Amino acid sequence: MKTTLLASILAVLLLCSLGCAPATQKTQSNAGTATAVQNTADNHSSRDSLDWYGTYNGVLPCADCQGIQTRITLRKDNTFTKAVKYLGKDSRSRFSQGTIQWDDQGSTITLAESRGKTGRYKVGENILFHLDRNGNMIAGDSAQKYQLMKNAVDPDIENITWVLVELNGAKISMEKTPHLTFNSDNASVTGNDGCNAFNAAYTLKPNQRIDIDDTAMISTLMACDNMETAAQFIKAVLKADNYTVADGTFSLNKARMAPLAKFKKAQEQL
């Protein structure tokens, strides 16, 4: 009887030594893996894991004006351009440029302008957070007012030269046909109205909405035979608030009205 009891105790001890230790070891191993995953995730900086380059827009608070309309374009080569306009105070945009300096964590940038001025932003996914003078995030109810949102992108219309084929419902026949290109690298639309070259900033928004900033438009000042058509073309471009692409035709529209202007790709016009 004693021999049987002793054998049972030894069997239980043997099973525990074979089965319990590995279970404990497995738990420790899983905990170590979880820690490693967390550490790896923490090591992913905005600079390395996000498509941070692009153009960001927003209106920042202003002490003595209606707001500071701000437009910042970040480039892959760590340079930037910046345009600001003091709403209700100055109708002109002020431009600057410089270099992007990243912090050691790769999450915050300092914009070092050529004139020595700086601005600091935390880089998020498709967003820049304007930081205070101490480099801290703005907290409280006004936090959202210190955010710049990244332009939407649309490869169906950007980086393509579009040639005008119809303006305000009428076919176009000019010696020098108006055309335009939306350049995604710096969110600028460049082209020619059939007489003068022009350059303006644009913003793409969800649901194929578009905003072309007339206050920052730059144009040459040549005199031509088709000045009236050229003026109508520029007016249509600036008036548009949405666009469509269908059957190879790109259209600029206002609300749900008839298209203001229709375009074809340049190579299709050759």
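For region 100-141, the set of residues classified as out of contact with any helix residue (DSSP H, G or I) (no Cβ under 8 Å at 6 or more places or on another chain), on the phi > 0 side of the Ramachandran plot and either part of a strand (DSSP E or B) or open to solvent by less than 40 Å² (accessible area, probe 1.4 Å) (or both) consists of Gly135 only. Scanning region 73-117 for residues that are among the charged types (D, E, K, R) and farther than 26 Å from Asn134 by Cβ returns Arg75, Lys76, Asp77, Lys85, Lys89, Asp90, Arg92.
I'd like to check something: does region 182-189 contain any residue that is under 23 Å from Asp225 (Cβ atoms), in a strand (DSSP E or B) and in contact with a Leu (Cβ under 8 Å, 6 or more places away or on another chain)?
Narrowing region 182-189 to residues under 23 Å from Asp225 (Cβ atoms): none.
Checking region 182-189: not a single residue is under 23 Å from Asp225 (Cβ atoms), in a strand (DSSP E or B) and in contact with a Leu (Cβ under 8 Å, 6 or more places away or on another chain).
Residues of region 150-181 that are of a type in the set (Val, Ile, Thr) and part of a loop (DSSP other than H, G, I, E, B): Val153, Ile157, Ile160, Ile172, Thr177. Of everything listed in (1) in a strand (DSSP E or B); (2) closer than 28 Å to Arg94 by Cα, the single unmet condition for Ile234 is (1).
Of all residues in region 142-178 being charged (D, E, K, R) and in contact (Cβ under 8 Å) with a residue 60 or more places away in the chain, which is most open to solvent (accessible area, probe 1.4 Å)? Give the steps one after another, and end with the answer.
Just the residues of region 142-178 that are charged (D, E, K, R), to begin with: 145, 150, 154, 156, 158, 166, 171, 175-176.
Those left that are additionally in contact (Cβ under 8 Å) with a residue 60 or more places away in the chain: 145, 150, 156, 166.
Working: Lys145: 122, Lys150: 46, Asp156: 94, Glu166: 32 Å².
Going through the qualifying residues, I end up with Lys145.
Please work out which residue is nearest to Leu148 (Cα to Cα), limiting yourself to region 61-82 and to residues that are part of a strand (DSSP E or B) and open to solvent by 20 Å² or more (accessible area, probe 1.4 Å). Of everything passing the filter in region 61-82, Arg71 is nearest to Leu148 (Cα to Cα). The set of residues in region 200-214 that are open to solvent by less than 60 Å² (accessible area, probe 1.4 Å) and not charged (D, E, K, R) comprises Ala200, Ala201, Tyr202, Thr203, Leu204, Ile210, Ile212. Annotation: of all residues in region 256-270 being open to solvent by 60 Å² or more (accessible area, probe 1.4 Å) and either farther than 20 Å from Glu175 by Cα or among the β-branched types (Val, Ile, Thr) (or both), the one that is nearest to the chain's Cα centre (by Cα) is Arg256. Restricting attention to region 183-199, the residues that are open to solvent by less than 60 Å² (accessible area, probe 1.4 Å), out of contact with any Ser or Thr (no Cβ under 6 Å at 6 or more places or on another chain) and closer than 18 Å to Lys82 by Cα add up to 4. Take the conditions (1) touching a strand residue (DSSP E or B) at 6+ places or on another chain (Cβ under 8 Å); (2) in contact (Cβ under 8 Å) with a residue 40 or more places away in the chain; Thr181 misses just one of them, which is (2).
The values are calculated or read from the model by the stated rules, or taken from the named source; none is laboratory data. These numbers were taken from a predicted model, which means no experiment stands behind them. For neighbour counting, all protein chains shown are included, and Cβ atoms are generated from backbone atoms with ideal geometry for every residue, glycine included. Remember, those area values only see protein heavy atoms, side chains included, never the ligands or the DNA or RNA. Shrake-Rupley method; radii C 1.70, N 1.55, O 1.52, S 1.80 Å.
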